[in-house]
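Inspection log for the structure reproduced underneath, given as structure tokens.
Rule-based calculations on the coordinates, nothing more; no lab input. Because the structure is predicted, anything quoted here is derived from the model rather than measured. Glycine gets a Cβ as well: all are built from the backbone with ideal geometry, and neighbour counts include every protein chain shown.
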Amino acid sequence: MEDAARARELRDTIARLDHAYYVLDRPLVPDAEYDRLFRELQALEERDPALRTADSPTQRVGGGVRADLRPAPHAVPMLSLNNAMDDTDTAAFDTRVRGAVSGETDVAYCCELKFDGLAVGLRYRDGVLELGATRGDGFVGEDVTANLRTIRSIPLRLFGTVPPLLEVRGEVLMFKREFERLNAAQRARGEKEFANPRNAAAGSLRQLDARVTAQRGLHFFAYGVAETAGDASPSASQSEMLDWLQTLGFPVCEHRARVRGLDGLRDCYARVEAMRDALPYEIDGVVFKVDAFSAQQRIGSLARAPRWAVARKFPPREAVTRLRDIVVQVGRTGALTPVARLDPVEVGGVTVTNATLHNEDEIRRKEIRIGDLVAVRRAGDVIPEVVAVVGDHPPDAREFVMPRTCPVCGSAVVRGEEEAVARCSGGLVCPAQRKQALLHFAGRRALDIDGLGERLVEQLVDTGLVQRPSDLFRLGVQDLTGLERMGGKSAANLLAQIERARDTTLERFLYALGIRNVGEATARDLARHFRSIAQTAEVGGRALMRDIENAGEEDLMRVPEVGPIVARSIRQFFAEPHNREELKNLLNAMGEIAAPETTMTAALPLLGKTFVLTGTLPHWTRDEAAERIAAAGGKVSGSVSRKTAYVVAGDDAGSKLARARELGVTVLDEAGLRNLLG
């Protein structure tokens, strides 16, 4: 394409993007993509100045004014900043500055954070806020005074002695926590979420109803003075001026530094980049300003930006690329996560080819299709994610459909009515879930196989010695002694623990199976219920296990505290042939599976009573106390309510004890609990 045609295309594209970003508050592309297009246009115009037209975006500060907001002309234009994209650009900036100040070898700079927010000007007359305006096109902004008055960090009246007229420049931004809260509220109302905190701040500040702005939790940082009348600022430099603004009552960011020379700029940039993710708000770079005002005046400004300042940008965290396919990964808990396969693109200094799509609902909400151009974001060490579709769907774009069977083991994929995540029902036998299933099976509240920890499970699975829980009972000394840090004595100890675990109770065995939505309490309720309806008093745990395995959903819902979701989870688990096969293997390997004691009310003195444990008991741990309460028919809850029968309090009991007294719940010590248990 000829340069003239390309320049024209770029001008049209950037104008459309500017209108969407500044006027409609709806960014169409990531900032990095906008910067790339802008730099391309700048390069064309520098190579051939005849291409630089009066309406070129490079000749304006940027932005636009909404027709429904009152215009506010700026007495001093609100200029933009030129960008330094890498260390070479930073060095070139320092060279230009040293040349303009006649050979100073170690120029002093003021370094400030480059906030990702909305620039505003605040005009004070006799110390009282008179007008607040957005940047707009740099020459005329929008009057948003009423909205700015709702921002608590903006002083309505200044402290101390101030000039009769003072205009302060700064940034309105939204903190990360407020952004998350706002988007959560948008989701709850079924409304469109904001793309990023900057977009949210701009949309909030430019509301026609100031009451909406007041609810958004915006913040303000001052970073400059545009105009003064009467007594001038008692400052000779940018650093001194920021300190002075603080004395007047303005919030000024604490993360600023005065440095010297190029090495100082580099060190400051590295420090800020390292702490970026820990900040409570978004930044996208560091602003370098020549500190002395006298030097700034000598260096001067261009039409759209000062020559004495530059914004050293971080590597872009967003980029645009093509989504080529969507595959599904199975996590160790069985969760199915759709993953985007992308054309390689550099994001945040790393080449990205895969990005998470979170879940099926997110794909539908963002209207993502295979073949789309998409914006990809990467922040720090966070897994890259697809943020949004860029432009229209291509004609050959395809919709994604979540598979009905697990791509790893072929088990049915299930999804609860209230859940966003689809899961593999393979449980015990799904290779993707093996390690987690084994750790759960051997856990203290399940079969309690002491010594079978995470590192050992990793080795057992990775070497192929154990693929499912029943394989544990076939291990021998020779199998184990070949593993790392596993000598003969350690192997013998582990095998003794596995042998001991062959004898257990029905409720522990049920819990160890890892059935979704079946925790310790539900496993205990199932065991007791099926024991209570058994036809014979001599029924054993194995027979009860077969009854539970074959029970229908209606039978399961007769168990106290078991509703349709839990009943469906149990049926889905036992409907899988491989789960039934593994259950058979386990029952053959186990020793005694003890059935619960008879569920006569006389034998369960705490039946139907809810307990809360708090503090440290003198002789029992909380787990031991909870087991005794459960064995007597009671339930243990984590919070105190009006339905709580007793709170058992030990030493250092906290808020739960206070809540019990507030509600009039009976409080027991350990001795009182022992009396109840008989």
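Results, tabulated for the structure shown:
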read-out: Gyration tensor verdict on segment 601-677 (Cα atoms; rounded if a/c is under 1.5, prolate if a/b is larger than b/c, oblate otherwise); value: oblate
read-out: Gap separating the Cα centres of segment 399-427 and segment 149-163, nearest whole Å; value: 56 Å
read-out: Rounded tilt (10° steps) of 488-500 against the dominant C-alpha axis of the chain; value: 70 degrees
read-out: Degrees separating the helix 622-631 axis from the principal Cα axis of the chain, which is the longest one; value: 50 degrees
read-out: Angle between the chain longest axis and helix 238-248 axis [Cα atoms, degrees, rounded to 10]; value: 70 degrees
read-out: Entry for Rg/Rh (Cα atoms, Kirkwood Rh) (calculated from the structure that is shown) out of (i) 1.15; (ii) 1.09; (iii) 1.05; value: (ii)
read-out: Residues Val414, Val421, Val172, sorted so that the one with the fewest Cβ neighbours within 10 Å comes first; value: Val421, Val414, Val172
read-out: Relative exposure of Met402, Met486, judged by other C-beta atoms within 10 Å (fewest first); value: Met402, Met486
read-out: Pairs of lysine residues in the chain - Cα separation under 15 Å, sequence separation of 8 or more or cross-chain; value: 8
read-out: Over the chain: helical MRE at 222 nm, DSSP H runs n ≥ 4 each giving -39500 (n - 2.57), nearest 500; value: -10500 deg cm²/dmol
